[in-house]
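Below is one structure, written out as structure tokens; comments come after it.
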Amino acid sequence: MQSEQNSLSISSVDGRYRSKTESLAPIASEFGLMKYRIQVECEWLLTLCATSGIPECPSIDKAKQQFIRSIGEHFDIAAATAVKEFEQTTNHDVKAVEYYIKTRLQEDVELDNIKEWVHFACTSEDINNAAYGLMVKASRDTVLLPGLDQIITELDQLAQTHAQLPMLSRTHGQDASPTTLGKEIKNVAARLQRQRTQLAEIEILGKFNGAVGNYNAHAYTYPEVDWPELSASFLERIGLTQNPWTTQIEPHDYLAELFHCLMRANQILLDFDRDMWSYISIDYFTQRKVEGETGSSTMPHKVNPIDFENSEGNLGIANALLEHMASKLQVSRWQRDLSDSTVLRNIGSAFAHCIIAYQATLKGLSRLEVNAETITADLNASWAILAEAVQTVMRKHGMDEPYERLKTATRGQQVTESSYQQLLIDLDLPKAAYAELKTLTPAGYVGLAPTLATKTL
């Protein structure tokens, strides 16, 4: 049955890749949105009951408080079905949540008396923005950040393992000064770590200030209550930070910040995927064979780098969605329009493509085997890269036109170990300079790369 459902899914997120997105499903789905809406409504009701300036909304004991919280905490598929049944009548998803909570409160005589305080002074956007905030926070903290952490850890370990392995660099696609394999991998880990840190620190904002952000109904009904303070403490209690100045909607600027940060992390990973693809193509890495797995459907010898390709493709889709959401969600006509609603419903899809990509990259990394012989042979065939070292030592010893002389001697020339040694003789180097350079090899010219590769992030 599950296989049939997957086959009939329009989106690959809920079809082909469903098993890879299970951790996200209870959070960033329609089910998750309903769950968070109910939690917000229930906590607001509890806030009203605990506010002394609202005597008409009576305080309730801890047992009944826990019952109200349990409506959201124990939300399940059966409850979600009940909410959707209300929606069939109301044609309004937030109102359906309100009616569902009221039916649950009717199970207790005392709580039945406070059911009309559900959704008090709220506009739908109060509930929605807070629910989406909780959804985004949970997605980030429990799924996205751990996914990035796995990749960063794997890359850092790989960097440590191969910190000493000299490797030819390429700039503009041409041979350049040597590095080490570990150092190049550490570069990626460090870039990802920086974006990961920023992503974790982005404040998740919320508004709970009524129809156009002014507490109109609140202040008119209970002018003695400090509603901005009450709103701030309520939002903080559920895990959000108050945005005090809004229209009907929380303006989504923090979402744009978060999406752009996630896009940067994704773009770094996409860059890495492409580099790994290229290194595999020149045999710097081979891929571990999996018994029974097909590579090319017609060329039996091939093991295609499909995991890195899969990651690249999914990162592209994720970033396209994130880019659109980041630019669209900051724009709303006057105090609000509804064009953000359908866009917000795609947050889960964007996050899902991120997770699919992260898992694909990790799978690709797990199958890599370093071909040290190829890497070393490639480096040893490129003695011309030592021209940088030679001209720099010549500068140190005060020789004239070192760059120009090395350019003439090496550019467009096939430089071998023997011709390198002859070059040193032809340059008529000072004794000290010659002594410095005659034992230098491409593998010995890696600078501080091994140290940088092992440095703590």
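The values are calculated or read from the model by the stated rules, or taken from the named source; none is laboratory data. Note that this is a predicted model, so its numbers are computed, not measured. In this analysis, Cβ positions are derived from the backbone assuming ideal geometry, glycine residues included, and neighbour counts consider all displayed protein chains.
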Practice task
Might you let me know whether the range 174-181 holds any residue that is touching an Asp or Glu at 6+ places or on another chain (Cβ under 7 Å) and either modelled with pLDDT of 95 or more or of a type outside the set (D, E, K, R) (or both)?
Solution key: yes
Handout entry: Flag for Gln248 being surrounded by fewer than 17 Cβ atoms within 10 Å (Cβ to Cβ), touching a residue at least 60 places away in the same chain (Cβ under 8 Å) and not charged (D, E, K, R)
Key = no
Practice task
Taking Leu168 as the residue in question, decide whether it is in contact with a strand residue (DSSP E or B) (Cβ under 7 Å, 6 or more places away or on another chain) and at negative phi.
Solution key: yes
Practice task
Check Ile60, Ile38 and return the single one that is modelled with pLDDT of 95 or more, among the hydrophobic types (A, V, I, L, M, F, W, C) and outside any helix (DSSP H, G or I).
Solution key: Ile60
Practice task
Among the residues of the range 326-380, write down those that are in contact (Cβ under 8 Å) with a residue 12 or more places away in the chain, among the β-branched types (Val, Ile, Thr) and outside any helix (DSSP H, G or I).
Solution key: Val370
Handout entry: The one condition in (1) in the same structural domain as Tyr220 (by TED's automatic domain parsing); (2) over 28 Å from Trp227 (Cβ atoms) that Thr89 fails to fulfil
Key = (1)
Practice task
Return the residue satisfying two criteria in turn: it lies in the range 188-204 and is over 12 Å from the mean Cα position of the chain (by Cα) and surrounded by 18 or more Cβ atoms within 10 Å (Cβ to Cβ), and of such residues it is farthest from Asp156 (Cα to Cα).
Solution key: Ile204
Practice task
Evaluate the following for Phe86: is it touching a residue at least 40 places away in the same chain (Cβ under 8 Å) and either closer than 30 Å to Ile356 by Cβ or more than 29 Å from the chain's Cα centre (by Cα) (or both)?
Solution key: no
